[in-house]
Amino acid sequence: MSNFKADRTRGGFNVREVGKHDESDPNSLKVVNVNLNVSRNSKPHHTDKFYEDEEFKGCVLRRGQPFDIDITFNKPYNQKEDELKLIFEYVFAMRRVRVTLILSDEDVPGEWGAKLLSNRDITIVVRVYTPATLYIGEWKFMIDVLKKVDNIKVGYRFRHEQKMFIIFNPWCKDDLVYLPKENDVSKPNEELLVEYVLNDTGKVFKSAGIDNKVYPPKPIPNGKTWNFAQFDHPVLECVVEVLYKHYLALTDRADPVKISRKLSSLCVEHWGFQQRVVGKLIMTQKPQHMKKNIFDDQQDVTHDYKYKEAIAFEMAVTFNEYREKLTDQCCTKETCAFRIMETDQVYSGDLEVALEKPALTISAPDKAKVGIEFPIELSFVNPLPEKLTGCFVKVEGLKDIVQVEQGLDRDENGRYS
């Protein structure tokens, strides 16, 4: 907390900070603590999954939706004598956008506002309203406590250190990313929002070939299970940092289309840069090549030899060798390097391998009635040479995760169910 004074100028007071707060002044109102009410605000803002990671210490809110703040003072707050100003600050390059709010009983929907909900003992509860066109990213929060003494406002500024992130709100009808029901645009489509926004796992589809049996020929989609991990720490901070370090006009930082294009272009630009560097290395360091297929590299070895021949190696990789080295989506990267004794040249290549996962067999009754339970059996063959524990099945569309008991035994066909 820091001390400041405000001198009278034309039309008001010009606040400036002058140093540390004088703790010896017992009559001044001081902010002791600010609680952004993560547990209370996260559910209605649909941001509670961010806090499942214990390393995340910030506060995530969605624009266009009110949130409550608890402010604790060193003594009771007197609205007639003490003046409070809530300050929200957005830093962009060399610019600072500052919004100053005073407590009011009337707030205009869709605009900035602050309303006093309760005043008990030394703690007040304030409800803050934000517009649905707010800039996305990290906002800083401060509180000015002012008191007028002989036409001079003397007070203190409290700076809250907890990071506050404000993001898009597809549940808010005034937000550009709003996703309504098809038959009632006044209500958000909760089912699709769970799938599109809240699910942290899903499938990424790509073409698996062309189906020539139909006319015109159509690509065959192939879905690959993917972990989006949008709630994992520090994914949110990384995205905000990328937007902070790369130029994007201030007004564009409230536009979901402009932000999506910027992030996409940065990814493409980064990958393109890598491709150009690799291409340059290949051209300047011939005959060394960098390809995904190890066998292509092996064939390139014969380029300078009179008689071209293909050299192939076979190597078995056991489960115990790769089990601890698997990355996301059951992928493993194999790297091969070898030396030609006659020329003392060293060649290397790498290959990323995605391991196949067992398919789930789902069986259910031929008929079922609405509102009545019916059994579904899920089973799969364990391809690993050890007993499975800690398995669970997540069914999309349900609120609960069906937890399978640990230590299940296989049947005579090696199938778990």
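Considering the conditions (1) touching a Lys or Arg at 6+ places or on another chain (Cβ under 8 Å); (2) surrounded by 14 or more Cβ atoms within 10 Å (Cβ to Cβ); (3) farther than 30 Å from VAL91 by Cα; (4) modelled with pLDDT of 90 or more, TRP226 is excluded by exactly one of them, (4).
Is it true that VAL99 is in contact with a Phe, Trp or Tyr (Cβ under 7 Å, 6 or more places away or on another chain), over 30 Å from ALA249 (Cα atoms) and free of Cβ contacts under 8 Å to residues at least 60 places away in the same chain?
No.
Scanning the range 45-82 for residues that are surrounded by 13 or more Cβ atoms within 10 Å (Cβ to Cβ) and modelled with pLDDT under 90 yields a count of 2. Against the test of being outside the structural domain of VAL257 (by TED's automatic domain parsing) and either surrounded by 12 or more Cβ atoms within 10 Å (Cβ to Cβ) or of a type in the set (A, V, I, L, M) (or both), the options LEU236, LEU176 yield a single qualifying residue, LEU176.
Per the listing VAL346, VAL370, the residue uniquely over 19 Å from THR318 (Cβ atoms) and at pLDDT below 85 is VAL346.
Residue by residue, here is whether (1) surrounded by 11 or more Cβ atoms within 10 Å (Cβ to Cβ); (2) over 37 Å from the mean Cα position of the chain (by Cα); (3) more than 30 Å from LEU388 (Cα to Cα) holds:
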site	(1), (2), (3)
THR332	yes, no, no
ILE340	yes, yes, yes
GLY349	yes, no, yes
VAL353	yes, no, no
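Out of all the residues in the range 136-143, is one or more without any contact (Cβ under 8 Å) to a residue 24 or more places away in the chain and crowded, with 18+ Cβ neighbours inside 10 Å? The answer is no, given that none of the residues of the range 136-143 is without any contact (Cβ under 8 Å) to a residue 24 or more places away in the chain and crowded, with 18+ Cβ neighbours inside 10 Å. Condition test on SER348, is it within 27 Å of GLU321 (Cα to Cα), touching a Ser or Thr at 6+ places or on another chain (Cβ under 8 Å) and of a type in the set (S, T, N, Q)? Yes: the conditions hold for SER348.
The values are calculated or read from the model by the stated rules, or taken from the named source; none is laboratory data. The structure displayed is predicted, hence computed values, not measured ones. Cβ atoms come from the backbone with ideal geometry, glycine included; neighbour counts cover every protein chain shown.
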